[in-house]
Amino acid sequence: MDDRPTRNVTPRTVAARALGVGRPSLTALTPSIDMSATYTRDHDNGYSAGRVYGRKDNASVQQAERYVAELEHAQEAMLFGSGMAAATAIFTALPPTHIVVPSAMYWGLRIWLQGASRYGHDITFVDMSRLDEFRAAVRPGRTGLVWIETPSNPLWTITDIAAVADYAHRAGAQVCVDSTVATPVLTRPLDFGADIVMHSATKYLNGHSDVVAGVLATADRSELWLRAKDTRDQSGTVPGSFDAWLLMRGLRTLDLRVKEQSRSAAILADRLSLHPAIETVLYPGLPHHPGYATAARQMANGFGGMLSVRVKGGAKAAIAVAANVQLWRRATSFGGIESLVEHRLSIEGEGSTCPEDLLRLSIGLEDADDLYRDLLQSLDLLL
Ligand SMILES: Cc1ncc(COP(=O)(O)O)c(C=O)c1O
């Protein structure tokens with residue numbers, strides 16, 4: 001590599017070469033960030049190191065991908081610039097087909113899917129927590145993909161991944177699971193028979209509310225996978241290398257964060273269920289939740305750090321509860337270190353199926369008692 005001190009050149013040329021060429025220290029504890037947008041050719045005109053151009057060959061991106069693949073028991077993983085970019089890569093890579101998707105799912109993707117006929121897809125929305133309804137929606141031989149989101153945002157309904165995957169496969173369909181809320185700490189969808197798992201890495205995988213990213217991980221290098229990879233590499237929906245590096249930084253504490261957030265969420269779900277200003281608590285870890293038995297089977301280490309409460313008194317009361325908390329932050333998104341409260345309908349807006357009295361809670365790493373006391377003083381104002 002041409003990084004020798006330059007002789008017989010002007011200061012201008014010395015200055016222009018000041019950054020040198022990439023040669024990360026092999027003894028550094030923390031990984032270097034591969035900031036390169038391009039890679040140098042060998043003298044023989046080849047690329048023996050296998051890297052050509054930053055859009056698809058960035059070393060930091062590939063390093064983060066290897067960790068996600070390992071966490072998900074996947075053959076391979078692929079990073080994207082957002083969760084939406086990851087999800088839509090699947091739908092746009094798929095040849096026109098019939099697709100079964102959940103009626104309870106992340107609102108942004110549901111809106112996008114409502115327009116998916118432009119890709120020739122025929123989309124059926126169905127209550128995926130009801131296996132009978134799911135089976136009735138599948139068209140054997142004609143359904144190409146089944147999409148699962150479990151627990152589903154923001155109602156936290158649970159889908160039985162193994163049962164859906166088994167039925168879908170017998171009908172000739174592939175299965176992709178949005179596992180953003182569960183994370184590989186609680187559920188590994190590929191172990192339950194899914195073909196591809198998807199995450200908004202913006203949430204728990206990164207966990208620090210400072211990166212927007214997405215990821216897909218696959219059980220095998222199927223035709224769909226390779227097409228999605230082509231889509232990403234050609235359209236360039238990749239994250240920047242610093243975001244990939246931040247994601248690795250976040251992954252280091254994923255297991256500890258998610259277990260602790262799940263523990264606190266379970267405490268809050270129990271306590272909030274008893275409050276007279278609350279109509280109902282939606283949390284799959286509560287034994288009366290309709291998905292509890294399935295969740296207990298396919299989630300280990302807890303039921304996740306997300307829950308919702310429906311506040312007596314409708315939208316006005318719910319918004320008032322969010323207005324009067326001190327510790328919780330009023331913001332959208334979830335999965336970070338700081339606890340967030342959100343009146344979900346306010347952000348979803350027109351066409352939303354979210355109940356108007358619903359507050360979504362993302363449990364952070366603060367003390368569960370402090371979080372409870374803060375909510376309690378706000379809820380008590382309604383009485
Ligand atoms: C369950 C779920 N999937 C996908 C997404 C989309 O991810 P991103 O915002 O990173 O594009 C979100 C975002 O909130 C989500 O909650």
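Overview of values
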item: Residues (more than 21 Å from N153 (Cβ to Cβ) and among the charged types (D, E, K, R)) located in segment 344-383; result: E366, D367, D369, D370, R373, D374, D380
item: Residue within segment 107-128 that is outside any helix (DSSP H, G or I) and touching a residue at least 40 places away in the same chain (Cβ under 8 Å) present; result: no
item: Residue in segment 89-99 that is farther than 25 Å from P355 by Cα and either of a type in the set (S, T, N, Q) or modelled with pLDDT under 95 (or both) present; result: yes
item: Residue satisfying condition, being within 16 Å of the ligand (Cβ to nearest atom), closer than 30 Å to S362 by Cα and in contact with a helix residue (DSSP H, G or I) (Cβ under 6 Å, 6 or more places away or on another chain), within set M128, M105; result: M128
item: Answer residue from segment 126-166, given it is touching a Cys at 6+ places or on another chain (Cβ under 9 Å) and aliphatic (A, V, I, L, M) and is farthest from A296 (Cα to Cα) among those; result: L145
item: Unique match (being more than 16 Å from L371 (Cα to Cα), out of contact with any Lys or Arg (no Cβ under 6 Å at 6 or more places or on another chain) and aliphatic (A, V, I, L, M)) among A323, A300; result: A300
item: Pairs with Cβ under 7 Å, 6+ apart, first in segment 287-313 and assigned by TED's automatic domain parsing to the domain that holds P189 and hydroxyl-bearing (S, T, Y), second in a helix (DSSP H, G or I) and modelled with pLDDT of 95 or more; result: none
item: Test: residue in segment 186-195 that is within 26 Å of S333 (Cβ to Cβ) and touching a Cys at 6+ places or on another chain (Cβ under 8 Å); result: yes
item: Index of the failed condition, F303 passing every other in (1) surrounded by fewer than 24 Cβ atoms within 10 Å (Cβ to Cβ); (2) within 22 Å of the chain's Cα centre (by Cα); result: (1)
item: Segment 68-100: number of residues that are farther than 20 Å from T237 by Cα, in contact with a Lys or Arg (Cβ under 8 Å, 6 or more places away or on another chain) and either within 16 Å of the ligand (Cβ to nearest atom) or without any contact (Cβ under 8 Å) to a residue 40 or more places away in the chain (or both); result: 1
item: Residue that is buried (at least 22 other Cβ atoms within 10 Å of the Cβ) and within 16 Å of the ligand (Cβ to nearest atom), where the choices are V321, V258, V311; result: V258
item: Residues satisfying the stated conditions in segment 203-247, i.e. within 30 Å of T97 (Cα to Cα) and of a type in the set (D, E); result: D220, E223, D230, D233
item: Conditions (1) of a type outside the set (D, E); (2) on the phi > 0 side of the Ramachandran plot; (3) exposed (fewer than 13 other Cβ atoms within 10 Å of the Cβ); number of the one not met by G46; result: (2)
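Yes/no matrix, rows are residues, columns are (1) closer than 20 Å to R110 by Cα; (2) among the charged types (D, E, K, R); (3) touching a residue at least 40 places away in the same chain (Cβ under 8 Å):
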| site | (1), (2), (3) |
| --- | --- |
| R188 | no, yes, yes |
| T202 | yes, no, yes |
| L205 | no, no, yes |
| H208 | no, no, yes |
| L226 | no, no, no |
| K229 | no, yes, yes |
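The values are calculated or read from the model by the stated rules, or taken from the named source; none is laboratory data. Everything quoted here is computed from the prediction, not taken from an experiment. In this analysis, Cβ positions are derived from the backbone assuming ideal geometry, glycine residues included, and neighbour counts consider all displayed protein chains.
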